[in-house]
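Working notes, beginning with the structure itself.
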Amino acid sequence: MPQKTNKKRLLFTGVIAPNTVHGVSVSNKINIDILREDFEIDLNAETLHHDSTPNNPISKGFHFLKSLIHFLGLNLSRKYDVLYLNISLSSAGILKTYLMAKCFSKLNSRSHYILHLHRGDVIKFVSRNSVHYWLVSNLLQKATVCFVLSESVVNYFENTLKIKRNQLFVLDNTIDEEPTDLKYGNENNVFTFLYLSDYREEKGILTLLATFENWSKKYPHCRLKCFGKFTDPKIKNQILSYQSSQIIINERISGDAKFTEYRKADCFLFVSENEGKPLVILEAMFAGLPIISTNVGFISEILPLDYPFLFSVGDSALFIQHLETMISKSETYLPIGQQLREQYWARFSRATHQKNLRLALKKIF
């Protein structure tokens, strides 16, 4: 017989690594591992629509209803004390989040629900659509805790949506692994830039490849190594057409293999058009790798104050300037790598994340 426990029972709903692998799913996995110390957890692991079904209105509707029915079934079969739910920022996603929270509250008296917002574009999402505004504000008003990525989001929710400040907590991301035994392995006479993200247009991959291909003709000792998952078949062949001796296109990697690539590289490139606080930035910081990044979402809040290697989306001239500074001034970028590593341990370590998560949930257990 299973051992009886006094722990509260929690239902976790969302995408979870390794079923789905991206920043949100990895963050969810980390939080589940921490929450197991205080809760008995049932997992309602979801899949992204584009990972599981064709992209058309009928299949989207079927996927939407299937998720809700499965969630309802879990709540009818068992009573829960807590629901942990990610806020999804799409019209269908926020409606599903709202319906799940309301369903849970009706079926589980004296229960709590926790919301986690991983995105950096919530203010734009809420402010441009009155239905989004109503759904998000009603969701948050009844939540026991809502985790967000930035103090600016806390201020917006408090001042504009009139959410009580004691419901809102800034929870910085952390990384899934903090390996201690990997050694640096930079190749002599080669300067390696690293890209590690999904191959999607909004991640900036096509612009990066076109810019780097043209720029690197003058710098034969430079190369770009890319790792990721082809989530958009429409651009796969276009991406692969850039394969060359200076641009190496690879499939996604994980675990020790991933951190080996961080340690072998000289500079990490992040060129996404929209983000929150991406885990790959934190991984590069942990590895002590200098970063050139688009200034989107809350990336400037992760990096040290006045970080010099940020650029706006579409500013290819400044991006190229940063590339050239990196390859020509080692006295500039080597200390930056060490500074970023120190910043990681000061703010984003697994231990710090665990302490802050458990502190916020003290009102529940």
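The values are calculated or read from the model by the stated rules, or taken from the named source; none is laboratory data. Not measured: the values here are computed from a predicted model. Positions of Cβ are generated from backbone atoms using ideal geometry, with glycine treated the same way; all protein chains shown enter the neighbour counts. Ligands, DNA and RNA are excluded from the accessible area calculation, which covers all protein heavy atoms including side chains. Shrake-Rupley method; radii C 1.70, N 1.55, O 1.52, S 1.80 Å.
Tabulated values for the structure
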| item | result |
| --- | --- |
| Unmet requirement for residue 271, which otherwise passes all of (1) at pLDDT below 95; (2) under 19 Å from the mean Cα position of the chain (by Cα); (3) open to solvent by 10 Å² or more (accessible area, probe 1.4 Å) | (1) |
| Exclusive hit being surrounded by fewer than 19 Cβ atoms within 10 Å (Cβ to Cβ), in contact with a Ser or Thr (Cβ under 7 Å, 6 or more places away or on another chain) and hydrophobic (A, V, I, L, M, F, W, C), set 313, 280 | 313 |
| Some residue of region 121-128 being modelled with pLDDT under 95 and in contact with an Asp or Glu (Cβ under 6 Å, 6 or more places away or on another chain) | no |
| Number of the condition not met by residue 161 [criteria: (1) within 26 Å of residue 103 (Cβ to Cβ); (2) part of a helix (DSSP H, G or I); (3) open to solvent by less than 10 Å² (accessible area, probe 1.4 Å)] | (2) |
| Complete set of residues in region 228-263 that are of a type in the set (S, T, N, Q), surrounded by fewer than 16 Cβ atoms within 10 Å (Cβ to Cβ) and more than 22 Å from the chain's Cα centre (by Cα) | 237, 238, 241, 243, 244, 245 |
| Hits in region 94-120 - residues which are basic (Lys, Arg) and either assigned to a helix (DSSP H, G or I) or crowded, with 16+ Cβ neighbours inside 10 Å (or both) | 96, 102, 106, 119 |
| Matching strands (runs of 3 or more DSSP E) fully within region 220-314 where at least 3 residues are in contact with a Phe, Trp or Tyr (Cβ under 7 Å, 6 or more places away or on another chain) and of a type in the set (S, T, N, Q) | none |
| Region 186-216, residues that are acidic (Asp, Glu) and outside any helix (DSSP H, G or I) | 187, 198 |
| Selection from region 220-246 of residues that are of a type outside the set (S, T, N, Q), free of Cβ contacts under 8 Å to residues at least 40 places away in the same chain and over 18 Å from residue 268 (Cα atoms) | 220, 230, 232, 233, 234, 235, 236, 240, 242 |
| Unique match (being touching a Ser or Thr at 6+ places or on another chain (Cβ under 7 Å) and of a type outside the set (Gly, Ala, Ser)) among 173, 129, 155 | 173 |
| Condition broken by residue 76, with the remaining ones in (1) in contact (Cβ under 8 Å) with a residue 60 or more places away in the chain; (2) part of a helix (DSSP H, G or I); (3) open to solvent by 60 Å² or more (accessible area, probe 1.4 Å) satisfied | (1) |
| Region 121-133, subset of a type in the set (D, E, K, R) and outside any helix (DSSP H, G or I), residue least open to solvent (accessible area, probe 1.4 Å) | 121 |
| Some residue of region 199-209 being out of contact with any Phe, Trp or Tyr (no Cβ under 7 Å at 6 or more places or on another chain), at positive phi and surrounded by 15 or more Cβ atoms within 10 Å (Cβ to Cβ) | yes |
| From 306, 266, residue being among the acidic types (Asp, Glu), over 15 Å from the mean Cα position of the chain (by Cα) and surrounded by fewer than 17 Cβ atoms within 10 Å (Cβ to Cβ) | 306 |
| Of all residues making up region 286-303, the number that are open to solvent by 40 Å² or more (accessible area, probe 1.4 Å) and in contact with a strand residue (DSSP E or B) (Cβ under 9 Å, 6 or more places away or on another chain) | 2 |
| Pair list, Cβ under 7 Å, 6 or more apart: region 158-172 residue more than 18 Å from residue 134 (Cβ to Cβ), other residue among the aromatic types (Phe, Trp, Tyr) and surrounded by 11 or more Cβ atoms within 10 Å (Cβ to Cβ) | 168/157; 169/147; 171/147; 172/348 |
| Residue ID - nearest to the chain's Cα centre (by Cα), chosen from residues in region 320-352 that are buried (at least 16 other Cβ atoms within 10 Å of the Cβ) and outside any helix (DSSP H, G or I) | 348 |
